[in-house]
Amino acid sequence: MVVALNPSSVYEYVPVADRDAEKPSTFVMRPMTTVDRVELSSIASGEDNPGAKGGALAIAVLRRCLVSWRGVVDASGAEVPLVRDWAGVTRDCLARLPAAVLFELANEVFTREAVTAADVGKS
């Protein structure tokens, strides 16, 4: 029996460096679907520049799978809004994240199983 994925399921993730913080930044994300994985495979399989390829893939994953965030603040402590356009989270918005956080979030989404134990039997 094929177990159907739930493309609207979401989960929260706190970056490793923020886990002991009094007010950690929290990122709400959705798992990648099969369609996401297939469409992004062209970025992942490119051979031109492996370093750039990894960055492009991280941005593409987060544009699709980052749903919202809490506790992301600017230097003055003001909340930074998550801004979306037709393709997902904007590049300008993602550019505000430190590179280590951006890659950690993308890796979390990319390696997370799209079908969780909670999804089994819901098809």
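Here's the picture: charge each Lys and Arg Cβ at +1 and each Asp and Glu Cβ at -1 in segment 11-111, and of Gly77, Leu57, Pro98 the one pushed furthest to the positive end of that dipole is Leu57. Near Val67, the amide H atoms lying under 5 Å from its own belong to Val28, Met29, Arg30; only residues 5 or more places off or on other chains count, and H is placed 1.01 Å from N. Length gained on full extension, Glu79 to Arg19, computed as 0.36 nm times the residue gap minus the Cα-Cα distance: 19.7 nm.
Values in this text are rule-based calculations from the coordinates and carry no lab data. Treat the numbers as computed from the prediction; the structure is a model and nothing was measured. Cβ coordinates were reconstructed from backbone atoms using ideal geometry, including for glycine residues, and neighbour counts include every protein chain displayed.
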